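*Asks:* Before I ask anything, let me first share the structure, which is written out below as structure tokens.
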Amino acid sequence: MSDERDELPEGEGEISTPEDAVVSHVLDAIRGGDTPDVVPAESSTLGFAEFLAVEQELNRRWPETVMEPSLDRIATLVDVLGEPHRGYPVVHLTGTNGKTSTARMVDAILTEVGLRTGRYTSPHLQRATERINIDNRPVTPERYVQVYRDVQPFVELVDLKEGVALSKFEVLTAMAFSAFADAPVEAAIVEVGLGGRWDATNVADGTVAVITPIGLDHAEYLGTDIIGIAREKAGIIKPGAVAVLAAQDKAVADVLLERCAEVEAQVAREGVEFGVREREIAVGGQRLVLQGLGGTYDDVFLPLHGEHQANNAALALAAAEALVGAGPQQPIDADVVRAAFERVQSPGRLERLAAGQGVPTVLADAAHNPHGARALAAALVSEFRFTRLVGVLGVMREKDVRGILTELEPVLQEVVITANSSPRSMDPDELGALAVEVFGSARVSVEPVLREAVDQAGELAEEGGESGVGVVVTGSVVTAGEVRTLFGKDPA
């Protein structure tokens with residue numbers, strides 16, 4: 001089986017340990033490539049070099065796309081670490097799409113309530129530090145290194161004891177739990193990698209289990225049995241927890257409710273106990289009336305686009321309410337809810353990277369399966385007024401590429417096919433051939449270099465005039481992250 005992250009280790013080679021070699025390595029990384037990483041403003045060159053060196057060490061473990069149905073190794077690791085995952089209540093999230101955005105919203109609400117939070121999400125867009133957040137901010141590269149060095153002796157001990165090395169994701173998960181315990185945080189928001197039942201994060205017993213919409217993705221690992229997938233994801237619902245369930249197909253909902261009954265979990269369902277009561281498109285986002293577990297919250301501004309993000313907001317609100325015990329007799333203050341949603345960010349999710357007089361609007365979106373592409377297409381139609389929109393598409397070869405193309409075809413006048421830096425990125429010529437079958441040859445161009453593909457798409461968009469024209473870059477989390485870097489966006 002495999003993790004659902006959209007990246008693989010970028011290198012297998014070792015680097016030497018003396019400081020001069022480390023510095024040389026980081027300088028090479030900074031100077032080379034089309035999308036070089038840069039030293040963060042808060043970091044020294046040497047500190048960032050050490051961060052890259054740690055990433056090299058982690059990448060020599062099982063890649064993140066390797067997972068087997070066992071929690072034994074991660075359970076042993078957190079046990080020898082002193083059970084850092086037991087020191088705070090956990091909001092645990094799984095589902096096919098929307099997990100990271102929903103996690104960010106839950107984090108924002110709990111922070112506004114006054115709790116110190118930790119958040120663990122994956123994959124990252126630009127830098128691995130994005131995965132471990134304290135107080136709504138990624139840890140610094142130096143802190144990332146320190147946390148790794150703290151757990152490293154225990155990791156090596158478990159490697160020897162189990163006879164099989166821990167995977168990269170298992171180590172990252174232990175690092176996150178340890179960082180949260182050290183902070184210390186008062187609540188953790190934890191996103192699964194793949195599935196749920198056998199995901200490394202499932203050593204934690206979530207006080208609240210959040211299930212976002214479930215569809216088909218990662219068929220090569222999870223199969224195409226939607227009921228089986230639902231059962232895997234239902235595995236994060238633990239005895240006595242509160243299960244906060246997004247609207248699902250009936251068969252999927254039945255599986256989730258069966259699990260809730262089995263473990264005597266309380267249930268909160270979108271469309272029944274909570275949901276979006278009203279939605280109005282607004283400048284820079286949308287204005288909502290949300291029905292929460294504690295009552296109705298009106299005049300909520302969400303600076304994100306798409307009906308799917310409104311649904312994520314309702315899900316996040318119910319999850320936060322469940323964690324803090326809010327209800328009709330003790331709702332969260334409406335001003336707190338408004339303030340939290342007003343400052344939510346979700347990088348790489350219909351994110352505006354460029355816009356100005358006489359130049360195309362450039363958007364980035366991490367849609368990487370048909371369900372995500374459908375939500376993206378719907379938002380582009382309902383919330384933007386493009387007269388000419390050109391897509392830039394770079395996807396992973398194991399994805400349902402035809403499904404993604406089919407969902408996007410109605411909203412794109414042309415598409416420029418490209419690739420990202422992942423070894424899993426689909427060959428542009430192969431992807432281009434599939435795109436021709438869906439779009440027709442006159443609407444498809446192929447440009448293997450992402451930077452040049454974005455430039456070409458901009459030129460094609462400008463053929464529609466000086467206003468109402470745009471470019472959307474999508475197809476993968478890696479593609480979205482790399483275009484963010486191209487446009488000078490910092491990891492967040």
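*Asks:* Which value, in debye to the nearest 20, describes the size of the charge dipole of region 134-232 about its Cα centre when Lys and Arg Cβ atoms bear +1, Asp and Glu Cβ atoms bear -1, and nothing else is charged?
*Replies:* 60
*Asks:* Sticking to Cα atoms, compute the Rg of region 72-224 to one decimal and its Dmax as the biggest Cα-Cα distance, whole number, in Å.
*Replies:* 14.9, 45
*Asks:* At q = 0.10, 0.12, 0.20, 0.21 Å⁻¹, what is the log10 ratio I(q)/I(0) for region 234-381, with the Debye formula run over Cα points and no solvent?
*Replies:* Reported log10 I(q)/I(0), two decimals: -0.41, -0.57, -1.27, -1.32.
*Asks:* Next up: What number results when the radius of gyration of region 311-364, computed over Cα atoms, is divided by 2.2 N^0.38 Å?
*Replies:* My calculation over the Cα atoms of region 311-364 gives 1.64.
*Asks:* Across the chain, how many lysine pairs separated by 8 or more positions, or lying on different chains, have Cα atoms within less than 26 Å?
*Replies:* The result is 13.
*Asks:* Give me the log10 of I(q) over I(0) for region 414-492 at q = 0.12 Å⁻¹, as the Debye formula computes it from C-alpha points; what are the numbers?
*Replies:* Normalising to I(0) and taking log10 leaves -0.35.
*Asks:* For region 412-492, what is the accessible area per residue in Å² when the probe is 1.4 Å?
*Replies:* Here the residues of region 412-492 average 39 Å² of exposed surface.
*Asks:* Using θ = phi - 60° and the Karplus curve 6.51 cos²θ - 1.76 cosθ + 1.60, what whole-Hz ³J(HN,Hα) does each residue of region 280-286 get, with Gly and Pro shown as x?
*Replies:* Listing the rounded values in order: 9, 5, 9, 4, x, x, 8 Hz.
*Asks:* Leaving out ligands and nucleic acids, note down the accessible area per residue over region 63-172 with a 1.4 angstrom probe, in whole Å².
*Replies:* 33
*Asks:* So, one more: For Leu353, which sequence-distant residues (separation of 5 or more, or a different chain) have an amide H within less than 5 Å of its own amide H, given hydrogens modelled in the peptide plane?
*Replies:* Under 5 Å from the amide H of Leu353 lie the amide H atoms of Val362, Leu363, Ala364, each far enough along the sequence or on another chain.
*Asks:* Just the number, please: carbon plus sulfur as a percent of the accessible area of the chain, 1.4 Å probe, no ligands or DNA/RNA counted.
*Replies:* Carbon and sulfur together cover 48 percent of it.
*Asks:* How much net charge surrounds Ile134 when only other residues with a Cβ under 10 Å from its Cβ are counted (Lys, Arg +1; Asp, Glu -1)?
*Replies:* For residues surrounding Ile134, the net value is +2.
*Asks:* Still on this structure: Taking the Cα centre of the chain as origin, work out the dipole magnitude from +1 charges on Lys and Arg Cβ and -1 charges on Asp and Glu Cβ, in debye rounded to 20.
*Replies:* Computed charge dipole of the chain: roughly 940 debye.
*Asks:* Would you work out the relative contact order for the chain, in percent, from Cα pairs under 8 angstrom that are 6 or more residues apart?
*Replies:* 15
*Asks:* Between the alpha-carbon centers of region 233-259 and region 401-464, tell me the distance in whole angstrom.
*Replies:* Region 233-259 and region 401-464 have Cα centres spaced 37 Å from each other.
*Asks:* Another question, then. Taking the Cα centre of region 90-183 as origin, work out the dipole magnitude from +1 charges on Lys and Arg Cβ and -1 charges on Asp and Glu Cβ, in debye rounded to 20.
*Replies:* 260
*Asks:* Go through region 83-92 residue by residue and turn each phi into a ³J(HN,Hα) via Karplus (6.51, -1.76, 1.60, θ = phi - 60°); whole Hz please, and just put x for glycine and proline.
*Replies:* 6, x, 7, 9, x, 6, x, 10, 9, 10
*Asks:* Tell me the per residue accessible area of region 238-342 using a 1.4 Å probe; a whole number in Å² is fine.
*Replies:* About 45 Å² of surface per residue is accessible.
*Asks:* Quick one: the Cα spread of region 401-459 along its three principal axes, in angstroms, biggest first?
*Replies:* 27, 27, 16
*Asks:* Let me ask something else. Specify the inter-centroid distance of region 312-361 and region 292-306, based on alpha-carbon positions, in whole Å.
*Replies:* Taking the Cα centre of each part, region 312-361 and region 292-306 sit 7 Å apart.
*Asks:* Another question, if that's okay. DSSP loop trypsin sites (Lys or Arg not before Pro) in region 353-431 with at most 12 other Cβ atoms within 10 Å of their Cβ, which ones?
*Replies:* Arg385
*Asks:* What is the spin-label model distance, in nm, from Val80 to Glu156 if the labels are put 7 Å beyond Cα along the C-beta direction?
*Replies:* Distance between label points: 1.1 nm.
*Asks:* Could you give the length gained on full extension between Arg397 and Glu430, defined as 0.36 nm per residue of separation minus the Cα-Cα distance, in nm?
*Replies:* Full extension from Arg397 to Glu430 adds 10.9 nm.
*Asks:* Work out how much length Arg352 to Val289 would gain on full extension: take 0.36 nm times their residue separation and subtract the Cα-Cα distance, in nm to one decimal.
*Replies:* So the chain would gain 20.2 nm between Arg352 and Val289.
*Asks:* Right, something else. Strictly greater than 39 Å: what percent of every Cα pair in the chain meets that?
*Replies:* I get 20 percent for the Cα pairs in the chain exceeding 39 Å.
*Asks:* From the P(r) of region 337-492, can you give the percent of Cα pairs sitting at distances over 25 Å?
*Replies:* Percentage above 25 Å: 22.
*Asks:* What list of ³J(HN,Hα) values in whole Hz, one per residue of region 339-351 in order, does the Karplus curve 6.51 cos²θ - 1.76 cosθ + 1.60 (θ = phi - 60°) give from phi, with Gly and Pro shown as x?
*Replies:* Couplings: 4, 5, 5, 4, 9, 5, 10, 9, x, x, 10, 6, 8 Hz.
*Asks:* Follow-up question, since we're still on this one. Using a Förster distance of 45 Å, how high is the FRET efficiency between Ala282 and Thr45, based on the Cβ-Cβ distance and rounded to 0.05?
*Replies:* The formula returns an efficiency of 0.55 here.
The values are calculated or read from the model by the stated rules, or taken from the named source; none is laboratory data. Quantities reported herein were computed from a predicted structural model and do not represent experimental measurements. Cβ: placed from backbone, ideal geometry, glycine included. Neighbour counts: every protein chain shown. Accessible surface areas use protein heavy atoms only, side chains included; no ligands, DNA or RNA. Shrake-Rupley method; radii C 1.70, N 1.55, O 1.52, S 1.80 Å.
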